[in-house]
1. Tally the residues that are part of a strand (DSSP E or B) and over 29 Å from the mean Cα position of the chain (by Cα), restricting the search to the stretch 188-211.
2. Condition test on residue 434, is it surrounded by 14 or more Cβ atoms within 10 Å (Cβ to Cβ) and under 23 Å from residue 376 (Cα atoms)?
3. Name every residue in the stretch 72-92 that is touching a strand residue (DSSP E or B) at 6+ places or on another chain (Cβ under 7 Å), more than 12 Å from residue 48 (Cβ to Cβ) and free of Cβ contacts under 8 Å to residues at least 12 places away in the same chain, in order of residue number.
4. Residues of the stretch 93-113 being over 27 Å from residue 144 (Cα atoms) and in contact with a strand residue (DSSP E or B) (Cβ under 8 Å, 6 or more places away or on another chain), which ones?
5. Just for the stretch 564-613: of the residues that are in a loop (DSSP other than H, G, I, E, B) and without any contact (Cβ under 8 Å) to a residue 24 or more places away in the chain, which one is surrounded by the fewest Cβ atoms within 10 Å (Cβ to Cβ)?
6. Working carefully through the options 147, 132, find the one that is surrounded by 20 or more Cβ atoms within 10 Å (Cβ to Cβ), within 21 Å of residue 222 (Cα to Cα), touching a strand residue (DSSP E or B) at 6+ places or on another chain (Cβ under 7 Å) and in contact (Cβ under 8 Å) with a residue 12 or more places away in the chain.
7. How about the stretch 89-109: which of its residues are outside any loop (DSSP other than H, G, I, E, B), out of contact with any helix residue (DSSP H, G or I) (no Cβ under 6 Å at 6 or more places or on another chain) and surrounded by fewer than 18 Cβ atoms within 10 Å (Cβ to Cβ)?
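The values are calculated or read from the model by the stated rules, or taken from the named source; none is laboratory data. Predicted model only: the values in this text are computed from it and were never measured. Counting neighbours? That spans all protein chains shown, and the Cβs are built from the backbone with ideal geometry, glycine included.
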């Protein structure tokens, strides 16, 4: 939850001090104004502004009349709107009666996230989020992409926005649920604030009842009443049935989930174990490759084999040859590119590829011949790459192992008691030894080793959410991770050495603003701040090392993670800050990530000494990065729904918790017993007025000396949980439980 930031000045625009006052509001309280009171710009006024943003040179009234399809008798209306825009400072009018946007008017494109209270924030590609008032959010839904005008504060920095046009994505659907309100059956938009009114057109196909969930199709918007006219498109189920949250998330985030009939054409020609007749692949079917994955995994991208050698280790990483089956330009390739990635929910996977490929033909299932692209590296006893290469091959995995199983083998004093061949045992032990060496090199390199608890959900036999638990992290997982890192960095080196264009996995350094914010938290804990300029990855790892044995370790690790920028895909190499690599790419998961498939195609073209087909890597990088963000947001939303559902079972119950974050409007508290987080609002913390110290990240009362900071233990009671937003509301059973400092 975010609240509007308080500022000393609220962009007050007077006619001569344009882009200050009238666009934001005229009420002043103690020298400030309310930024929730925006001047109401008419729909026609917004169309004029949009036209001038798009066509700055076609700026006479006749062009406007023609573009906006206005009749001659509407000239007076147009002139009135132009005069309003001129008086408020958005538009300048020359003596020749030509129009232009004021130079201080800047176009802003981004995505809007709407708060339950009705206001929103516009997220831009760069720069801080911009506040959007309730008035400006009329006709805009959470998740919409918008064209807006940025409004500066007195310092000249953009601080808020006026929405000019909402660009609703075709693949993102509005989802609604029928609820009983005041003895009436009303349609409510899921994950939208209550100010969004929905009126559904009568349908002969559906007779909705309370609790029914539908995908909706927007037909019209009535601005005066902030009402959307909608049709019921598809019945998704009942709001209380298990799995409904996944169906909603798929529509809400626009995740492609229906396969066109033509996509699977041609897959039937392949047998279960298929090897091309004219294959020049290396036959590695006699080698003891194994797959090591989680318990519930079905798509096995990678198999590994490590052998001890006189020079050190011989590492082979065999990756499913998806590019053999998914040819560029075909229907299947187009659909995979659109999906960009597989999306993983606790109870369901929306795959990037049809299950005939992802779970069968391409999956490296045991005792079946499978086509692969192999990364082979000779490493010294210190883990240095002596030589490495790629080639096409065919393998026959000898076992499908899980992380838990492998860890049990490695921890056992009698590994021979497990039903594994001696060759497989030697493979696992060699991989363990190599991993220990690679982890030491990772430490020397200064790569981040963020240790955040991973959560998994437990469900009852009928599919109802039961509990959340922290998943144990095994050393066996690090074994696979380090092997994959070797293959991915090997792929980047291989393609770089030939000056080939490909998609890098890039991770830029954090911003100085993020570092300053992190340093404030570190200093409040007595941890040495990051003072180096420019900072390197090892300086952040030093922070993690310094708090390894501290009670607030998880909080610091989480804060370091939040200070990082998001990794993306790009044809321009920016290095990978988190892993401390000069160049990095993704090669090891072509079943579930489209960028990996693209890298496979380029490697296979190079191996065949053919020309690497030209492609628009820039747009592919943007598309796949967006698909990755979309998948993460959808998975996170479902997790929040499930945690809120768990919290609902405990409304009225009290729990011990610890403060995970301090904000100006309250505390976020993590409940160790339930492994969920909720908000304890500032109004319920104390009878006295609490002040927020942003630098020290604490709330404190001047008269009592009580204060609340990150890491404090606190008892809370669950009082509410909203499924749609995932927000869990807490209350302090006993006020004034802060610490005196």
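1. Taking the stretch 188-211 first, the residues part of a strand (DSSP E or B) are 188-189, 197-200.
Next cut, over 29 Å from the mean Cα position of the chain (by Cα) only: 199-200.
Result for the stretch 188-211: 2.
2. Working: surrounded by 14 or more Cβ atoms within 10 Å (Cβ to Cβ): yes; under 23 Å from residue 376 (Cα atoms): yes.
It is true that residue 434 is surrounded by 14 or more Cβ atoms within 10 Å (Cβ to Cβ) and under 23 Å from residue 376 (Cα atoms).
3. Within the stretch 72-92, just 92 meets the criteria.
4. 93, 94, 99, 100
5. Step one: list which residues in the stretch 564-613 are in a loop (DSSP other than H, G, I, E, B), which gives 564-567, 571-575, 577-580, 582-592, 608-613.
Add one more test, that the residue is without any contact (Cβ under 8 Å) to a residue 24 or more places away in the chain, and what stays is 582, 608-611.
Numbers: 582: 12, 608: 10, 609: 6, 610: 9, 611: 8.
In this case the residue turns out to be 609.
6. Numbers: 147 fails: surrounded by 20 or more Cβ atoms within 10 Å (Cβ to Cβ).
Just one listed residue meets the conditions, 132.
7. Keep residues of the stretch 89-109 that are outside any loop (DSSP other than H, G, I, E, B), which gives 91-93, 99-101, 106-109.
This time we only want the ones that are out of contact with any helix residue (DSSP H, G or I) (no Cβ under 6 Å at 6 or more places or on another chain), so: 92, 99-100, 106, 108-109.
92, 100, 106, 109, listed by residue number.
Quick grid of which residues meet (1) in contact with a strand residue (DSSP E or B) (Cβ under 7 Å, 6 or more places away or on another chain); (2) farther than 13 Å from residue 727 by Cα; (3) surrounded by fewer than 20 Cβ atoms within 10 Å (Cβ to Cβ):
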| position | (1), (2), (3) |
| --- | --- |
| 639 | no, no, yes |
| 643 | yes, no, no |
| 650 | yes, yes, yes |
| 656 | yes, yes, yes |
| 661 | yes, yes, yes |
| 665 | yes, yes, yes |
| 668 | yes, no, yes |
